[in-house]
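Structure incoming, see below.
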Amino acid sequence: MNIKIAILTTETLHHVYFVRAILNYYKNLKIFCETGKIKNYPFKTLHPFEIKRKEFEKLKWFEKKKLKLNEIANTEKFDSINDADALRSIKKYNPDLMIVFGTRRIENKLIGIKSNKIFNLHGGDPERYRGLDSHLWSIYHNDFSALVTTLHRIEPKLDTGDIVAQCSVPITKNLQLYALQAMNTEICIKLTLNLIDTFIKYGNIITRPQRKLGRYYSAMPRDLKTICFQKFKNFTKNI
């Protein structure tokens, strides 16, 4: 079964790596890349560990080279993935499956293109933490069991769709916070490959409803990220 896959994402190192990994197994895919900045916050959000994270991922995956989505896959770019021109392009492509990884909230018109075949990768447990920086918010609340990766169907309300699969991020002794995103991305790849393989074999995806509605969180301020950095360091030191 030669299915068509659409990946809705943004231009970041870990998303480029994700796309490249999926391409190793499934060539018939197209990337719809969102380029617009999601929001300006009234507080600073960038933390030094995130700068280190970029350096770490570039070395780990690309040997310090800079690689972009359109260099590895058929890619179209839009300010917002919900824009009318993006909707037209996705409809024209007519994918069998749509995978969302790291865009802004998907609106109803876009969901309606493939309402039961559009899935989101969420770095966290949506039954506890919805929205942005979910792993960091779980660390801030000392809730280390919520360091999981979740694949779920998309609904109009953010991060509330039925869960396809969930996997814990393997936290090892002295793991650095800047490496957490890379580990989450590796799990996202596995979950996505399993999803595609299951769909090809059975034409259907089994899910379960979320048991409760997690609290919504916005982006974490830089000062709170400093607290998370220390909490994560202490936690991994004592594993």
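Taking only Cα atoms, what is the 0 to 90° angle, nearest 10, from helix 180-202's long axis to the longest principal axis of the chain?
30 degrees
Still on this model: Per residue of segment 20-30, in order, report the coupling 6.51 cos²θ - 1.76 cosθ + 1.60 (Karplus, θ = phi - 60°) as ³J(HN,Hα) in whole Hz, putting x for Gly and Pro.
Calculated HN-Hα couplings, in order: 4, 5, 5, 4, 5, 10, 9, 8, 8, 9, 9 Hz.
On average, how much accessible surface per residue is there in segment 9-114, in Å², for a 1.4 Å probe, leaving out ligands, DNA and RNA?
On the way: 5990 Å² over 106 residues.
Value returned for segment 9-114: 56 Å² of accessible area per residue.
Between Lys66 and Phe43, what is the FRET efficiency for a Förster distance of 22 Å, r being their Cβ-Cβ separation, to the nearest 0.05?
0.15
Using the Karplus equation 6.51 cos²θ - 1.76 cosθ + 1.60 (θ = phi - 60°), what ³J(HN,Hα) coupling, rounded to whole Hz, does each residue of segment 224-234 give in order, writing x for Gly and Pro?
In residue order, the calculated couplings are 6, 5, 4, 5, 4, 4, 6, 5, 5, 4, 5 Hz.
Let me ask you something else. Collect residues whose amide H, placed 1.01 Å from N in the peptide plane, falls under 5 Å from the amide H of Gly102; neighbours closer than 5 in sequence don't count.
Here the answer is Leu121, since their amide H atoms fall under 5 Å of that of Gly102.
At 0.36 nm per residue, and after removing the present C-alpha to C-alpha distance, how many nm does the segment from Thr35 to Asn194 gain when stretched out fully?
Working: separation 159, 0.36 × 159 = 57.24 nm, distance 2.80 nm.
Difference between extended and current length: 54.4 nm.
Could I ask something else about it? Given H placed on each backbone N at 1.01 Å, which residues far from Arg130 in sequence or on other chains put an amide H within less than 5 Å of it?
Amide H to amide H, under 5 Å and 5 or more residues apart or across chains, Arg130 pairs with Arg215, Tyr216, Tyr217.
Test of the criteria: in segment 102-199, which GluC sites (Glu not before Pro) are in a DSSP loop and have at most 15 other Cβ atoms within 10 angstrom of their Cβ?
Numbers: sites: Glu107, Glu127, Glu186; in loops: Glu107, Glu127.
Those that pass, being in a loop and sparsely packed, are Glu107.
Can you send over the carbon and sulfur percentage of the accessible area for the chain, probe radius 1.4 Å, protein chains only? Write down the numbers at each step before the final one.
Numbers: 5960 of 12100 Å².
About 49 percent, which is the carbon plus sulfur part of the accessible surface.
Which one of Glu71, Glu11, Glu34 has the biggest mean-square fluctuation once the chain is modelled by GNM with Cα springs under 10 Å?
Glu71
Using only Cα atoms, locate the centre of segment 51-106 and the centre of segment 23-44, then give the distance between them in Å, rounded to an integer.
The distance from the Cα centre of segment 51-106 to that of segment 23-44 comes to 4 Å.
Taking the chain as the reference, fit the longest principal axis to its C-alpha atoms, fit the long axis of helix 48-62 to the helix C-alpha atoms, and give the angle between the two in degrees, 0 to 90, nearest 10.
50 degrees
Which angle from 0 to 90°, rounded to the nearest 10, does the C-alpha axis of helix 84-93 make with the longest principal axis of the chain?
60 degrees
Can you list the lysines whose alpha carbon is less than 17 Å from that of Lys212, not counting same-chain residues fewer than 8 positions off?
Excluding near neighbours in sequence, the set is Lys157.
Stretch Asn28-Asp83 to full length: gain in nm at 0.36 nm per residue minus the Cα-Cα span? Walk me through the numbers on the way to the answer.
Working: separation 55, 0.36 × 55 = 19.80 nm, distance 2.37 nm.
That pair, Asn28 and Asp83, stretches by 17.4 nm at full extension.
Considering amide H positions built from the backbone, and no H for Pro or chain starts, which residues 5 or more places from Thr10, or on another chain, come under 5 Å of its amide H?
Glu34
The values are calculated or read from the model by the stated rules, or taken from the named source; none is laboratory data. No experiment lies behind these values; they were computed from the predicted model shown. Note that we place each Cβ from the backbone using ideal geometry, even for glycine, and neighbour counts take in every protein chain shown. Just so you know, the surface numbers come from the protein's heavy atoms only, side chains and all, with ligands and any DNA or RNA stripped out. Shrake-Rupley method; radii C 1.70, N 1.55, O 1.52, S 1.80 Å.
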